[in-house]
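Working notes for the structure below.
The values are calculated or read from the model by the stated rules, or taken from the named source; none is laboratory data. Computed from a predicted model, the values in this text were never measured in an experiment. Using ideal geometry, Cβ is built from the backbone for each residue, glycine included, and neighbour counts are taken over all protein chains shown. SASA here: full protein model, heavy atoms, side chains in, ligands and nucleic acids out. Shrake-Rupley method; radii C 1.70, N 1.55, O 1.52, S 1.80 Å.
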Amino acid sequence: MKTITRNRNWLVGGLFMALCLHNCTPPNEDPATEYLFKDLRDLKMPSVTLRVAAPTNVTPASVTPSPQATSVSSGIASIPSSGQVPQAVSQAISDANSAFAAVGTNATALVNAFTPEVIISLINTGQLPANIQGTIAALRTNSTLQPYFPTFALPQVNGQPVSPTTTSLPTPTPPAVTPAVVLTPVNYNGSDNCFKQANDLFDQTTANLNTDRANQVAGVNNTYNTEKAAADSEVTSCGTSTVSNYQQLVTAARAALTTSTNNLVDARPTLGDANYTTLLALTYVQYANLILLYDDLKKAELNTCVIAREVRIASALVARETNISLINESFNNTIRTAQAIVLQLLDSCHNQGSGR
(Lines give C-alpha, C1' and ligand atoms only; values in the text may rest on other atoms or scores of the structure.)
Protein backbone atom coordinates (compact mmCIF):
# COMPACT_ATOMS: atom_id res chain seq x y z
CA MET A 1 0.00 0.00 0.00
CA LYS A 2 1.44 3.36 -0.99
CA THR A 3 0.90 6.32 1.31
CA ILE A 4 1.35 10.05 1.08
CA THR A 5 3.30 11.55 3.95
CA ARG A 6 1.84 14.80 5.17
CA ASN A 7 2.66 16.94 8.15
CA ARG A 8 -0.50 17.59 10.09
CA ASN A 9 -0.86 19.85 13.11
CA TRP A 10 -4.06 18.94 14.82
CA LEU A 11 -3.85 21.67 17.39
CA VAL A 12 -3.37 19.26 20.25
CA GLY A 13 -0.62 21.53 21.47
CA GLY A 14 -3.04 24.43 21.15
CA LEU A 15 -5.60 22.58 23.19
CA PHE A 16 -3.08 21.94 25.91
CA MET A 17 -1.97 25.57 25.89
CA ALA A 18 -5.55 26.63 26.29
CA LEU A 19 -5.75 24.46 29.39
CA CYS A 20 -2.69 26.09 30.85
CA LEU A 21 -3.87 29.63 30.21
CA HIS A 22 -7.30 29.32 31.75
CA ASN A 23 -8.34 28.28 35.22
CA CYS A 24 -12.02 27.54 34.90
CA THR A 25 -14.87 26.39 37.07
CA PRO A 26 -16.94 23.24 36.49
CA PRO A 27 -19.60 23.48 33.77
CA ASN A 28 -22.94 24.80 34.90
CA GLU A 29 -26.30 24.19 33.37
CA ASP A 30 -25.60 26.49 30.42
CA PRO A 31 -27.61 24.94 27.54
CA ALA A 32 -25.02 25.95 24.94
CA THR A 33 -22.30 24.10 26.81
CA GLU A 34 -24.49 21.04 27.28
CA TYR A 35 -25.32 21.00 23.56
CA LEU A 36 -21.62 21.11 22.74
CA PHE A 37 -20.93 18.19 25.06
CA LYS A 38 -23.79 16.29 23.42
CA ASP A 39 -22.52 17.09 19.90
CA LEU A 40 -19.06 15.81 20.77
CA ARG A 41 -20.42 12.75 22.54
CA ASP A 42 -22.69 11.83 19.59
CA LEU A 43 -20.13 12.52 16.86
CA LYS A 44 -19.84 9.64 14.39
CA MET A 45 -18.09 9.10 11.07
CA PRO A 46 -20.51 9.54 8.19
CA SER A 47 -21.15 6.45 6.10
CA VAL A 48 -18.79 5.95 3.17
CA THR A 49 -19.96 4.63 -0.20
CA LEU A 50 -17.31 2.07 -1.00
CA ARG A 51 -16.09 1.37 -4.50
CA VAL A 52 -16.64 -2.09 -5.96
CA ALA A 53 -13.77 -3.63 -7.94
CA ALA A 54 -14.21 -3.26 -11.68
CA PRO A 55 -15.33 -6.57 -13.19
CA THR A 56 -12.90 -8.68 -15.18
CA ASN A 57 -14.69 -9.80 -18.33
CA VAL A 58 -13.30 -12.87 -20.09
CA THR A 59 -14.43 -13.86 -23.58
CA PRO A 60 -13.41 -17.40 -24.53
CA ALA A 61 -11.88 -18.30 -27.87
CA SER A 62 -14.24 -19.41 -30.60
CA VAL A 63 -13.96 -21.52 -33.74
CA THR A 64 -16.50 -21.25 -36.55
CA PRO A 65 -16.64 -24.14 -39.05
CA SER A 66 -16.13 -23.31 -42.71
CA PRO A 67 -19.43 -23.41 -44.64
CA GLN A 68 -17.52 -24.37 -47.79
CA ALA A 69 -15.77 -27.27 -46.05
CA THR A 70 -19.11 -28.42 -44.64
CA SER A 71 -20.61 -28.35 -48.14
CA VAL A 72 -17.72 -30.43 -49.51
CA SER A 73 -18.05 -33.01 -46.71
CA SER A 74 -21.79 -33.33 -47.30
CA GLY A 75 -21.18 -33.61 -51.03
CA ILE A 76 -18.65 -36.44 -50.61
CA ALA A 77 -21.04 -38.29 -48.29
CA SER A 78 -23.77 -38.09 -50.95
CA ILE A 79 -21.68 -39.52 -53.80
CA PRO A 80 -22.21 -43.26 -53.10
CA SER A 81 -25.97 -42.93 -53.26
CA SER A 82 -26.19 -40.36 -56.07
CA GLY A 83 -23.32 -41.58 -58.24
CA GLN A 84 -22.59 -37.93 -59.02
CA VAL A 85 -19.78 -35.59 -57.94
CA PRO A 86 -21.32 -32.32 -56.66
CA GLN A 87 -19.97 -29.02 -57.95
CA ALA A 88 -18.65 -28.10 -54.49
CA VAL A 89 -16.54 -31.27 -54.46
CA SER A 90 -15.20 -30.67 -57.99
CA GLN A 91 -14.27 -27.11 -57.03
CA ALA A 92 -12.48 -28.36 -53.91
CA ILE A 93 -10.42 -30.77 -56.04
CA SER A 94 -9.38 -27.95 -58.36
CA ASP A 95 -8.60 -25.55 -55.52
CA ALA A 96 -6.60 -28.15 -53.60
CA ASN A 97 -4.44 -29.13 -56.57
CA SER A 98 -3.79 -25.46 -57.32
CA ALA A 99 -2.77 -24.77 -53.71
CA PHE A 100 -0.55 -27.86 -53.53
CA ALA A 101 1.31 -26.83 -56.68
CA ALA A 102 1.69 -23.26 -55.38
CA VAL A 103 3.68 -24.46 -52.35
CA GLY A 104 5.71 -27.03 -54.27
CA THR A 105 4.01 -30.26 -53.27
CA ASN A 106 1.34 -32.63 -54.53
CA ALA A 107 -1.51 -34.74 -53.19
CA THR A 108 0.42 -38.03 -53.18
CA ALA A 109 3.34 -36.56 -51.21
CA LEU A 110 0.96 -35.12 -48.63
CA VAL A 111 -0.97 -38.38 -48.21
CA ASN A 112 2.26 -40.31 -47.78
CA ALA A 113 3.45 -37.79 -45.17
CA PHE A 114 0.39 -38.27 -42.97
CA THR A 115 1.25 -41.70 -41.60
CA PRO A 116 -0.68 -43.08 -38.61
CA GLU A 117 2.33 -42.19 -36.44
CA VAL A 118 2.23 -38.55 -37.62
CA ILE A 119 -1.48 -38.32 -36.88
CA ILE A 120 -1.04 -39.79 -33.38
CA SER A 121 1.87 -37.46 -32.69
CA LEU A 122 -0.23 -34.51 -33.84
CA ILE A 123 -3.00 -35.55 -31.46
CA ASN A 124 -0.65 -35.99 -28.50
CA THR A 125 1.65 -33.01 -28.99
CA GLY A 126 -0.24 -30.57 -31.19
CA GLN A 127 2.82 -30.45 -33.45
CA LEU A 128 3.86 -31.84 -36.83
CA PRO A 129 7.19 -33.47 -37.73
CA ALA A 130 9.82 -31.00 -38.90
CA ASN A 131 9.86 -32.42 -42.44
CA ILE A 132 6.29 -31.28 -43.21
CA GLN A 133 5.91 -28.28 -40.91
CA GLY A 134 6.95 -25.80 -43.61
CA THR A 135 4.62 -27.26 -46.23
CA ILE A 136 1.60 -27.29 -43.94
CA ALA A 137 2.39 -23.79 -42.70
CA ALA A 138 2.42 -22.55 -46.30
CA LEU A 139 -0.86 -24.30 -47.08
CA ARG A 140 -2.51 -22.86 -43.96
CA THR A 141 -1.85 -19.36 -45.27
CA ASN A 142 -2.63 -20.11 -48.90
CA SER A 143 -5.43 -17.84 -50.08
CA THR A 144 -7.04 -20.52 -52.24
CA LEU A 145 -7.47 -22.87 -49.28
CA GLN A 146 -8.60 -20.25 -46.76
CA PRO A 147 -12.32 -20.82 -47.48
CA TYR A 148 -11.86 -24.49 -46.51
CA PHE A 149 -10.53 -23.69 -43.04
CA PRO A 150 -12.53 -22.62 -39.98
CA THR A 151 -12.35 -19.04 -38.77
CA PHE A 152 -11.53 -18.26 -35.17
CA ALA A 153 -11.40 -15.53 -32.56
CA LEU A 154 -8.77 -15.26 -29.85
CA PRO A 155 -9.88 -15.13 -26.21
CA GLN A 156 -10.14 -11.69 -24.66
CA VAL A 157 -9.77 -10.11 -21.25
CA ASN A 158 -11.72 -6.86 -20.94
CA GLY A 159 -11.85 -6.61 -24.70
CA GLN A 160 -8.09 -7.12 -25.18
CA PRO A 161 -7.13 -10.18 -27.28
CA VAL A 162 -4.82 -12.78 -25.77
CA SER A 163 -2.61 -14.76 -28.15
CA PRO A 164 -0.57 -17.91 -27.52
CA THR A 165 2.42 -15.66 -26.76
CA THR A 166 0.64 -12.98 -24.70
CA THR A 167 1.90 -13.13 -21.12
CA SER A 168 0.37 -9.97 -19.66
CA LEU A 169 -1.96 -7.06 -20.33
CA PRO A 170 -1.92 -3.55 -18.86
CA THR A 171 -3.49 -3.44 -15.42
CA PRO A 172 -4.81 -0.41 -13.51
CA THR A 173 -2.36 1.30 -11.18
CA PRO A 174 -3.61 1.60 -7.59
CA PRO A 175 -3.81 5.17 -6.29
CA ALA A 176 -1.72 6.46 -3.39
CA VAL A 177 -3.57 6.13 -0.10
CA THR A 178 -4.58 9.21 1.88
CA PRO A 179 -3.20 8.59 5.40
CA ALA A 180 -5.30 8.87 8.52
CA VAL A 181 -4.22 11.46 11.07
CA VAL A 182 -2.48 10.10 14.15
CA LEU A 183 -3.79 11.60 17.38
CA THR A 184 -2.09 11.66 20.76
CA PRO A 185 -4.58 11.75 23.68
CA VAL A 186 -4.60 15.03 25.63
CA ASN A 187 -4.86 13.20 28.99
CA TYR A 188 -5.60 16.44 30.86
CA ASN A 189 -4.51 16.16 34.50
CA GLY A 190 -5.30 19.69 35.66
CA SER A 191 -7.68 20.70 38.41
CA ASP A 192 -10.33 22.39 36.27
CA ASN A 193 -13.33 20.10 36.05
CA CYS A 194 -14.82 21.73 32.95
CA PHE A 195 -11.58 21.40 31.01
CA LYS A 196 -11.16 17.83 32.18
CA GLN A 197 -14.64 16.79 31.11
CA ALA A 198 -14.19 18.43 27.69
CA ASN A 199 -10.81 16.90 27.01
CA ASP A 200 -11.64 13.48 28.41
CA LEU A 201 -14.67 13.42 26.12
CA PHE A 202 -12.50 14.55 23.19
CA ASP A 203 -10.04 11.73 23.88
CA GLN A 204 -12.83 9.15 24.15
CA THR A 205 -14.65 10.37 21.04
CA THR A 206 -11.54 10.39 18.87
CA ALA A 207 -10.55 6.96 20.18
CA ASN A 208 -14.00 5.64 19.21
CA LEU A 209 -13.70 7.26 15.80
CA ASN A 210 -10.32 5.63 15.25
CA THR A 211 -11.74 2.24 16.24
CA ASP A 212 -14.57 2.74 13.76
CA ARG A 213 -12.06 3.70 11.06
CA ALA A 214 -9.89 0.66 11.79
CA ASN A 215 -12.93 -1.65 11.61
CA GLN A 216 -13.97 -0.20 8.27
CA VAL A 217 -10.44 -0.57 6.89
CA ALA A 218 -10.36 -4.16 8.14
CA GLY A 219 -13.59 -4.83 6.23
CA VAL A 220 -12.08 -3.40 3.06
CA ASN A 221 -8.98 -5.55 3.51
CA ASN A 222 -11.15 -8.63 4.05
CA THR A 223 -13.01 -7.91 0.80
CA TYR A 224 -9.72 -7.62 -1.06
CA ASN A 225 -8.35 -10.83 0.49
CA THR A 226 -11.54 -12.68 -0.45
CA GLU A 227 -11.34 -11.42 -4.03
CA LYS A 228 -7.67 -12.35 -4.30
CA ALA A 229 -8.27 -15.84 -2.90
CA ALA A 230 -11.10 -16.35 -5.40
CA ALA A 231 -8.85 -15.22 -8.27
CA ASP A 232 -6.06 -17.55 -7.11
CA SER A 233 -8.48 -20.46 -6.93
CA GLU A 234 -10.10 -19.67 -10.26
CA VAL A 235 -6.81 -19.63 -12.17
CA THR A 236 -6.27 -23.28 -11.21
CA SER A 237 -9.76 -24.45 -12.15
CA CYS A 238 -9.60 -22.38 -15.34
CA GLY A 239 -6.42 -24.14 -16.44
CA THR A 240 -7.84 -27.58 -15.68
CA SER A 241 -11.09 -26.96 -17.55
CA THR A 242 -9.24 -25.46 -20.53
CA VAL A 243 -7.02 -28.50 -20.97
CA SER A 244 -10.03 -30.81 -20.63
CA ASN A 245 -12.06 -28.80 -23.13
CA TYR A 246 -9.39 -28.93 -25.81
CA GLN A 247 -8.79 -32.62 -25.23
CA GLN A 248 -12.46 -33.16 -26.04
CA LEU A 249 -12.19 -30.99 -29.16
CA VAL A 250 -9.16 -32.94 -30.40
CA THR A 251 -10.97 -36.22 -29.77
CA ALA A 252 -13.99 -34.96 -31.73
CA ALA A 253 -11.71 -33.84 -34.57
CA ARG A 254 -10.10 -37.28 -34.72
CA ALA A 255 -13.53 -38.91 -34.92
CA ALA A 256 -14.53 -36.49 -37.70
CA LEU A 257 -11.33 -37.37 -39.61
CA THR A 258 -12.22 -41.05 -39.42
CA THR A 259 -15.72 -40.32 -40.74
CA SER A 260 -14.34 -38.18 -43.57
CA THR A 261 -11.77 -40.77 -44.69
CA ASN A 262 -14.40 -43.52 -44.58
CA ASN A 263 -16.72 -41.40 -46.73
CA LEU A 264 -13.90 -40.86 -49.20
CA VAL A 265 -13.28 -44.60 -49.43
CA ASP A 266 -16.98 -45.14 -50.19
CA ALA A 267 -16.91 -42.38 -52.85
CA ARG A 268 -13.62 -43.51 -54.44
CA PRO A 269 -15.16 -45.60 -57.24
CA THR A 270 -17.04 -42.53 -58.49
CA LEU A 271 -14.28 -40.01 -57.79
CA GLY A 272 -11.44 -41.99 -59.35
CA ASP A 273 -8.04 -42.53 -57.74
CA ALA A 274 -6.55 -39.13 -58.58
CA ASN A 275 -9.47 -37.12 -57.23
CA TYR A 276 -9.71 -39.42 -54.22
CA THR A 277 -6.03 -38.78 -53.40
CA THR A 278 -6.45 -35.02 -53.80
CA LEU A 279 -9.46 -34.94 -51.47
CA LEU A 280 -7.73 -37.20 -48.95
CA ALA A 281 -4.72 -34.87 -48.94
CA LEU A 282 -7.04 -31.88 -48.48
CA THR A 283 -8.74 -33.69 -45.60
CA TYR A 284 -5.40 -34.28 -43.90
CA VAL A 285 -4.40 -30.64 -44.38
CA GLN A 286 -7.72 -29.49 -42.92
CA TYR A 287 -7.28 -31.84 -39.99
CA ALA A 288 -3.72 -30.67 -39.34
CA ASN A 289 -4.83 -27.06 -39.54
CA LEU A 290 -7.60 -27.68 -37.02
CA ILE A 291 -5.37 -29.49 -34.51
CA LEU A 292 -2.66 -26.82 -34.80
CA LEU A 293 -5.35 -24.16 -34.34
CA TYR A 294 -6.67 -25.93 -31.24
CA ASP A 295 -3.14 -26.08 -29.83
CA ASP A 296 -2.67 -22.34 -30.36
CA LEU A 297 -6.04 -21.49 -28.86
CA LYS A 298 -5.41 -23.78 -25.89
CA LYS A 299 -2.18 -21.90 -25.17
CA ALA A 300 -4.00 -18.58 -25.58
CA GLU A 301 -6.76 -19.65 -23.19
CA LEU A 302 -4.25 -20.89 -20.61
CA ASN A 303 -2.57 -17.48 -20.85
CA THR A 304 -6.00 -15.92 -20.43
CA CYS A 305 -6.50 -17.81 -17.16
CA VAL A 306 -3.33 -16.27 -15.71
CA ILE A 307 -3.89 -12.80 -17.15
CA ALA A 308 -7.50 -12.69 -15.91
CA ARG A 309 -6.21 -13.43 -12.41
CA GLU A 310 -3.70 -10.59 -12.61
CA VAL A 311 -6.29 -8.12 -13.90
CA ARG A 312 -8.86 -9.20 -11.29
CA ILE A 313 -6.42 -8.79 -8.43
CA ALA A 314 -5.20 -5.44 -9.77
CA SER A 315 -8.79 -4.18 -9.96
CA ALA A 316 -9.45 -5.38 -6.43
CA LEU A 317 -6.31 -3.57 -5.25
CA VAL A 318 -7.46 -0.33 -6.87
CA ALA A 319 -10.80 -0.66 -5.08
CA ARG A 320 -9.06 -1.40 -1.77
CA GLU A 321 -6.69 1.56 -1.91
CA THR A 322 -9.47 3.88 -3.08
CA ASN A 323 -11.78 2.75 -0.30
CA ILE A 324 -9.13 3.10 2.40
CA SER A 325 -8.53 6.66 1.20
CA LEU A 326 -12.28 7.37 1.34
CA ILE A 327 -12.47 6.01 4.88
CA ASN A 328 -9.40 7.96 6.02
CA GLU A 329 -10.70 11.17 4.46
CA SER A 330 -14.02 10.69 6.23
CA PHE A 331 -12.16 10.04 9.49
CA ASN A 332 -9.92 13.09 9.05
CA ASN A 333 -12.90 15.34 8.35
CA THR A 334 -14.72 14.03 11.41
CA ILE A 335 -11.65 14.66 13.56
CA ARG A 336 -11.64 18.26 12.32
CA THR A 337 -15.25 18.53 13.44
CA ALA A 338 -14.34 17.08 16.84
CA GLN A 339 -11.57 19.64 17.18
CA ALA A 340 -13.89 22.49 16.33
CA ILE A 341 -16.42 21.33 18.93
CA VAL A 342 -13.87 20.85 21.71
CA LEU A 343 -12.36 24.28 21.05
CA GLN A 344 -15.82 25.76 21.46
CA LEU A 345 -16.19 23.79 24.68
CA LEU A 346 -12.88 25.07 26.01
CA ASP A 347 -13.94 28.59 25.16
CA SER A 348 -17.25 28.00 26.93
CA CYS A 349 -15.42 26.68 29.99
CA HIS A 350 -13.26 29.82 30.02
CA ASN A 351 -16.25 32.11 29.69
CA GLN A 352 -17.93 30.39 32.61
CA GLY A 353 -14.80 30.81 34.64
CA SER A 354 -14.77 34.51 33.79
CA GLY A 355 -18.10 34.92 35.44
CA ARG A 356 -20.22 34.78 32.33
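Of all residues in region 112-124, count the ones that are under 12 Å from Ala288 (Cα atoms) and either open to solvent by 50 Å² or more (accessible area, probe 1.4 Å) or in contact with a helix residue (DSSP H, G or I) (Cβ under 8 Å, 6 or more places away or on another chain) (or both).
Keep residues of region 112-124 that are under 12 Å from Ala288 (Cα atoms), which gives 113-114, 118-123.
Imposing the further condition that a residue be either open to solvent by 50 Å² or more (accessible area, probe 1.4 Å) or in contact with a helix residue (DSSP H, G or I) (Cβ under 8 Å, 6 or more places away or on another chain) (or both) reduces the set to 113-114, 118-120, 122-123.
Here the count works out to 7.
Select, from Val72, Val63, the only residue that is touching a strand residue (DSSP E or B) at 6+ places or on another chain (Cβ under 8 Å), on the phi < 0 side of the Ramachandran plot and not basic (Lys, Arg).
Val63
Being within 37 Å of the chain's Cα centre (by Cα), under 30 Å from Phe331 (Cβ atoms) and hydroxyl-bearing (Ser, Thr, Tyr) narrows it down to one residue among Ser47, Ser66, Ser62; which is it? Even if it seems obvious, please write down each step before you answer.
Working: Ser66 fails: under 30 Å from Phe331 (Cβ atoms); Ser62 fails: under 30 Å from Phe331 (Cβ atoms).
Checking each option against the conditions leaves just Ser47.
Considering (1) within 30 Å of Thr59 (Cα to Cα); (2) of a type in the set (Gly, Ala, Ser); (3) touching a helix residue (DSSP H, G or I) at 6+ places or on another chain (Cβ under 8 Å), say which one Ala153 fails and leave the rest.
(3)
Does Ala314 fit the bill of being at pLDDT 95 or above, closer than 26 Å to Ala253 by Cβ and out of contact with any Gly (no Cβ under 7 Å at 6 or more places or on another chain)? Let's see the steps before the verdict.
Values: at pLDDT 95 or above: yes; closer than 26 Å to Ala253 by Cβ: no; out of contact with any Gly (no Cβ under 7 Å at 6 or more places or on another chain): yes.
The answer is no for Ala314.
Which pairs have Cβ atoms under 8 Å, sit 6 or more apart or on different chains, and link a residue in region 139-152 that is open to solvent by 80 Å² or more (accessible area, probe 1.4 Å) to one that is not in a helix (DSSP H, G or I)?
Thr151/Val63; Thr151/Thr64; Thr151/Ser66; Phe152/Ala61; Phe152/Ser62; Phe152/Val63; Phe152/Thr64
Do you know which residues across region 185-215 are part of a loop (DSSP other than H, G, I, E, B) and over 14 Å from Ala338 (Cα atoms)?
Across region 185-215, the qualifying residues are Asn187, Tyr188, Asn189, Gly190, Ser191, Asp192.
Within region 67-91, work out how many residues are open to solvent by 80 Å² or more (accessible area, probe 1.4 Å) and touching an Asp or Glu at 6+ places or on another chain (Cβ under 9 Å). Give the steps one after another, and end with the answer.
From region 67-91, those open to solvent by 80 Å² or more (accessible area, probe 1.4 Å) are 67, 81, 84, 87; that's our starting set.
Subset that is touching an Asp or Glu at 6+ places or on another chain (Cβ under 9 Å): none.
Here the count works out to 0.
Among Thr64, Thr56, which is the only one that is modelled with pLDDT of 95 or more, out of contact with any helix residue (DSSP H, G or I) (no Cβ under 9 Å at 6 or more places or on another chain) and either within 30 Å of Leu280 (Cβ to Cβ) or open to solvent by less than 70 Å² (accessible area, probe 1.4 Å) (or both)?
Working: Thr56 fails: out of contact with any helix residue (DSSP H, G or I) (no Cβ under 9 Å at 6 or more places or on another chain).
Going through Thr64, Thr56 in turn, just one is modelled with pLDDT of 95 or more, out of contact with any helix residue (DSSP H, G or I) (no Cβ under 9 Å at 6 or more places or on another chain) and either within 30 Å of Leu280 (Cβ to Cβ) or open to solvent by less than 70 Å² (accessible area, probe 1.4 Å) (or both): Thr64.
Would you please name the residue that is farthest from the chain's Cα centre (by Cα), looking only at residues in region 221-240 that are loosely packed, with under 12 Cβ neighbours inside 10 Å and of a type in the set (Val, Ile, Thr)? Steps first, please.
Residues of region 221-240 loosely packed, with under 12 Cβ neighbours inside 10 Å: 222, 226, 229, 233, 236-237, 240.
Imposing the further condition that a residue be of a type in the set (Val, Ile, Thr) reduces the set to 226, 236, 240.
Details: Thr226: 15, Thr236: 14, Thr240: 18 Å.
Step by step, filter region 221-240, then rank; the result is Thr240.
Every residue in region 181-202 that is surrounded by 17 or more Cβ atoms within 10 Å (Cβ to Cβ) and farther than 11 Å from Phe331 by Cβ, please.
Val186, Tyr188, Asp192, Cys194, Phe195, Lys196, Gln197, Ala198, Asn199, Leu201, Phe202
Given the structure, is Ala218 farther than 27 Å from Phe149 by Cα, of a type in the set (A, V, I, L, M), within 33 Å of the chain's Cα centre (by Cα) and modelled with pLDDT of 95 or more? Talk me through it step by step, then tell me what you get.
On the way: farther than 27 Å from Phe149 by Cα: yes; of a type in the set (A, V, I, L, M): yes; within 33 Å of the chain's Cα centre (by Cα): yes; modelled with pLDDT of 95 or more: yes.
So Ala218 passes the test.
Only one of (1) in a helix (DSSP H, G or I); (2) open to solvent by less than 20 Å² (accessible area, probe 1.4 Å) fails for Leu128. Which number is that?
(1)
Mind checking which residues of region 258-307 are within 30 Å of Asn158 (Cβ to Cβ) and either hydroxyl-bearing (Ser, Thr, Tyr) or without any contact (Cβ under 8 Å) to a residue 12 or more places away in the chain (or both)?
Of all residues in region 258-307, those within 30 Å of Asn158 (Cβ to Cβ) come to 289-307.
Residues satisfying the conditions are Tyr294, Thr304.
List every residue pair whose Cβ atoms lie under 7 Å apart, where the two residues are 6 or more positions apart in sequence or sit on different chains, the first residue falls within region 69-96 and is part of a loop (DSSP other than H, G, I, E, B), and the second residue, located anywhere, is open to solvent by less than 70 Å² (accessible area, probe 1.4 Å).
Listed pairs, sorted by first residue: Gly83/Thr270; Val85/Ile79; Val85/Thr270; Val85/Leu271; Pro86/Gly75; Pro86/Ser78.
Being in contact with a Leu (Cβ under 8 Å, 6 or more places away or on another chain) and open to solvent by 50 Å² or more (accessible area, probe 1.4 Å) is the filter; apply it to region 153-163 and report the residue that is farthest from Thr283 (Cα to Cα). Show your work before the answer.
Start the filter on region 153-163 by keeping residues that are in contact with a Leu (Cβ under 8 Å, 6 or more places away or on another chain), which leaves 154-155, 157-158, 160-163.
Cutting the leftovers down to open to solvent by 50 Å² or more (accessible area, probe 1.4 Å) gives us 154, 158, 160-161.
Details: Leu154: 24, Asn158: 37, Gln160: 34, Pro161: 30 Å.
Filtering region 153-163 for residues that are in contact with a Leu (Cβ under 8 Å, 6 or more places away or on another chain) and open to solvent by 50 Å² or more (accessible area, probe 1.4 Å), the one farthest from Thr283 (Cα to Cα) comes out as Asn158.
Which one of Thr125, Thr70, Thr108 is hydroxyl-bearing (Ser, Thr, Tyr) and modelled with pLDDT under 95?
On the way: Thr70 fails: modelled with pLDDT under 95; Thr108 fails: modelled with pLDDT under 95.
Exactly one of Thr125, Thr70, Thr108 is hydroxyl-bearing (Ser, Thr, Tyr) and modelled with pLDDT under 95, namely Thr125.
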